[in-house]
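Structure first, commentary second.
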Amino acid sequence: MKKRCPSYYPLFQCTAASCRHSCCIGWEIDIDPQSAALYQSVSGLMGQELRRKIAWENPPHFRLTEDGRCPFLNEKGLCRLILEKGEGVLCQICAQHPRFHNRYGPLLESGLGLCCEEAGRLLFTHAPALLEEETPEEPSAPAPDWLPELLFVRETAFFLALESSYSIKERLSLLLCLGADVQDAMDEGDSPLQEALPYRAEDFRREALWELSGEAFDPGMLNSLLSFFESREPLDKAWPVRLAGIRENLGVLVPFRMLSEDGEAYERLIFYFLFRYLLASGEDGDILSKIKFAVAAVTVISLLDAQTRLETGGLSLENRVENARAFSSEAEYSPDTMEDFWNACWEEEFLSFSSLAGFCS
């Protein structure tokens, strides 16, 4: 089996009490069956408290306090279960968060979700790169037929995302074109690789950008994109208020999105979204929506950045981390929002190829 992860993945360490947005606050924490069985067997006062503070439903989960905290999070922001029983007593989601793992036959890819501020710090301070290792001692599933070609498509997408001779808007435009061409090939049963190969050539890329030059920016479509995320059930009540403020001030903020000096920050975000989602299109046949999500995500985050600049006069690393974290928490970590987004990609005009290309004009 091959394992891949971002170069900064092994550096992650939970900041525990220093974290400003603890994952032990505001999230419903489901308990996996193995941990649930363990908690049933813990003896003493801790065992009694565990069983009393778990809702034994399907799936079982910790009963949050009135202010949304895990009942085992102490006043210092530390986990009492770890303090009293060690890290081995953590349920699976607590032990793994914010890590994610995607398996594609013989390939296992692991990353760090941007809903965690420490993951965001690592992302914004390390150049995009993947580590790979062979683990022959682990059983390896057969490779899906689509895997080699989609790996080439993703490598091409990475290449476009990191091509610094183009602006971020141009890179996103090229990614949209790549996604549309590969989607057409997949729909027709043709080779995705053959559609991706031309994007390695400079002349082809310039021609693709020239053909997109007629796509006009429509502020109404951008307003609809923001309204989409604003209207979902929020994790943080401040989230829809921020988006409403951006919508009210679009005329001022739009010129300050995806600025050239932010190139490295946004290319790292694009790399993250491509790494996390693009290969899943081999299973559902929908590569264009994965690229649309990357474009939409970077567009919204860049507007959050522009709003921060307007309000504070600058944009620090911590500002970048917070804006990316807020979007990730409200979008990526809401299954309902993500499901609605995938459906909207094929149903809503503001997520059409033309509208998204206009956002990048």
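The values are calculated or read from the model by the stated rules, or taken from the named source; none is laboratory data. All values reported here derive from a predicted model rather than from experimental measurement. Neighbour counts run over all protein chains shown; Cβ positions are idealised from the backbone, glycine included. Ligands, DNA and RNA are excluded from the accessible area calculation, which covers all protein heavy atoms including side chains. Shrake-Rupley method; radii C 1.70, N 1.55, O 1.52, S 1.80 Å.
Scanning the range 272-289 for residues that are open to solvent by less than 10 Å² (accessible area, probe 1.4 Å), farther than 14 Å from A324 by Cβ and out of contact with any Asp or Glu (no Cβ under 8 Å at 6 or more places or on another chain) returns L274, L278, S281, I287, S289.
Residue under question is F158, and the condition is that it be under 22 Å from R276 (Cβ atoms) and open to solvent by 20 Å² or more (accessible area, probe 1.4 Å); does it hold? Working first, answer last.
Details: under 22 Å from R276 (Cβ atoms): yes; open to solvent by 20 Å² or more (accessible area, probe 1.4 Å): no.
Spelling it out, it is not the case that F158 is under 22 Å from R276 (Cβ atoms) and open to solvent by 20 Å² or more (accessible area, probe 1.4 Å).
With among the hydrophobic types (A, V, I, L, M, F, W, C), open to solvent by 30 Å² or more (accessible area, probe 1.4 Å) and either part of a helix (DSSP H, G or I) or out of contact with any Ser or Thr (no Cβ under 7 Å at 6 or more places or on another chain) (or both) as the only criterion, which of L310, L304 stands out? Walk me through it before giving the result.
Details: L304 fails: open to solvent by 30 Å² or more (accessible area, probe 1.4 Å).
After ruling out the rest, the residue left standing is L310.
Set side by side, the residues A119, A95, A129, A143 differ, and just one is among the hydrophobic types (A, V, I, L, M, F, W, C) and more than 23 Å from the chain's Cα centre (by Cα), which is A143. Of the residues making up the range 329-353, those that are part of a loop (DSSP other than H, G, I, E, B), more than 20 Å from L175 (Cβ to Cβ) and in contact (Cβ under 8 Å) with a residue 12 or more places away in the chain are Y333, S334.
Yes/no matrix, rows are residues, columns are (1) of a type in the set (D, E, K, R); (2) farther than 30 Å from P128 by Cα; (3) crowded, with 17+ Cβ neighbours inside 10 Å:
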{"residue": "S35", "(1), (2), (3)": "no, yes, yes"}
{"residue": "Y39", "(1), (2), (3)": "no, yes, yes"}
{"residue": "L45", "(1), (2), (3)": "no, yes, no"}
{"residue": "I54", "(1), (2), (3)": "no, yes, yes"}
{"residue": "L73", "(1), (2), (3)": "no, yes, yes"}
{"residue": "L78", "(1), (2), (3)": "no, yes, no"}
{"residue": "H97", "(1), (2), (3)": "no, no, yes"}
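Restricted to the range 175-208, and to residues that are out of contact with any Cys (no Cβ under 7 Å at 6 or more places or on another chain) and among the small types (G, A, S), which residue is most open to solvent (accessible area, probe 1.4 Å)? Applying the filter and picking the extreme gives G189.
Flag set for T125, criterion: modelled with pLDDT of 90 or more, hydroxyl-bearing (S, T, Y) and closer than 30 Å to Y266 by Cβ.
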